[in-house]
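The values are calculated or read from the model by the stated rules, or taken from the named source; none is laboratory data. Predicted, not measured: the structure shown is a model, and the values here were computed from it. Cβ placement follows ideal geometry from the backbone for every residue including glycine, while neighbour counts extend to all protein chains displayed.
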Ligand code: BG6
Ligand code: MG
């Protein structure tokens, strides 16, 4: 029985993955190549500069450090523009109910996101108060699949990693959870998130986890 739930943000609580990918597609287009649909999985969960390196690798493009910084900043400006008008209506189905239900049971909650834009998104969604701790890309430098972001979340909650469940839509994030000794619940396609302990289509289906032996209760 888990006492804490750690949530990735993009693709788990809010449907921002599409905006990240659209912004990277423009970067690629500017550099003269196209990203394929399946490239989106590679970019999920990884930090901004790591994502840029993946994009450049796909195109076989090499740039100097100053150009890399500029490309990342321009991608972020496009992304920030896309999410600037985010509202509670942009939350993924079941996300709000899931957070509120867990907290009502006394389960501790943390955000574990690679995004430096996470605080702005939480404010736009009006859900900052639903997390006992927020660990984001400005707090932690080791990117998923390194477990640091989730270990820092568990520590902030005062819950042992083995008593934590992580909700993740990215392969890198599922790996980070497992590397941290936590249960990993994949959000999405079981054929993609093969290393997760269980996979559900979204937080609206969180009750199905009981049939996988994953249950929650307030810390004793
Ligand atoms: C993750 C996204 O949550 O944040 C990645 O899944 C993104 O796609 C990463 O690259 C970093 O986000 P940001 O907002 O700091 O560029
Ligand atoms: Mg994600």
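Taking the stated definitions as given, is residue 47 out of contact with any helix residue (DSSP H, G or I) (no Cβ under 9 Å at 6 or more places or on another chain), within 28 Å of residue 164 (Cα to Cα) and within 15 Å of ligand 1 (Cβ to nearest atom)? Spelling it out, residue 47 is indeed out of contact with any helix residue (DSSP H, G or I) (no Cβ under 9 Å at 6 or more places or on another chain), within 28 Å of residue 164 (Cα to Cα) and within 15 Å of ligand 1 (Cβ to nearest atom). Of everything listed in (1) out of contact with any helix residue (DSSP H, G or I) (no Cβ under 6 Å at 6 or more places or on another chain); (2) surrounded by 22 or more Cβ atoms within 10 Å (Cβ to Cβ); (3) at pLDDT below 95, the single unmet condition for residue 137 is (2). Among the conditions (1) touching a strand residue (DSSP E or B) at 6+ places or on another chain (Cβ under 7 Å); (2) buried (at least 17 other Cβ atoms within 10 Å of the Cβ), residue 176 misses just one, which is (1). Taken together, 87, 67 contain a single residue that is at pLDDT below 95 and more than 15 Å from ligand 1 (Cβ to nearest atom), which is 87.
The single condition among (1) modelled with pLDDT of 95 or more; (2) buried (at least 18 other Cβ atoms within 10 Å of the Cβ) that residue 26 does not satisfy is (2).
With 97, 39 as the choices, which residue is surrounded by 13 or more Cβ atoms within 10 Å (Cβ to Cβ) and either closer than 29 Å to residue 4 by Cα or touching a residue at least 24 places away in the same chain (Cβ under 8 Å) (or both)?
On inspection, the qualifying residue turns out to be 97.
On the stretch given as the range 123-139, residues that are within 13 Å of ligand 1 (Cβ to nearest atom) and under 20 Å from residue 183 (Cβ atoms) total 1.
Contact map, the range 113-140: residues that are over 22 Å from residue 73 (Cα atoms) paired with residues that are in a loop (DSSP other than H, G, I, E, B) and within 16 Å of ligand 2 (Cβ to nearest atom), Cβ distance under 7 Å, separation 6+ or inter-chain. Pairs shown: 125/86. Selection of the range 1-42 for residues being in contact with a strand residue (DSSP E or B) (Cβ under 7 Å, 6 or more places away or on another chain), more than 16 Å from ligand 2 (Cβ to nearest atom) and not in a loop (DSSP other than H, G, I, E, B) yields 2, 4.
Just one of (1) within 8 Å of ligand 1 (Cβ to nearest atom); (2) modelled with pLDDT of 95 or more fails for residue 17. It is (2). The set of residues from the range 125-149 being touching a strand residue (DSSP E or B) at 6+ places or on another chain (Cβ under 9 Å) and closer than 29 Å to residue 54 by Cα comprises 134, 135, 136, 140, 144, 148, 149. Pairing each residue of the range 188-211 that is closer than 17 Å to residue 164 by Cβ with any residue that is modelled with pLDDT of 95 or more and loosely packed, with under 12 Cβ neighbours inside 10 Å, provided the two are 6+ apart or on different chains, yields C-beta distances under 9 Å for 197/213; 198/211; 198/213; 209/215.
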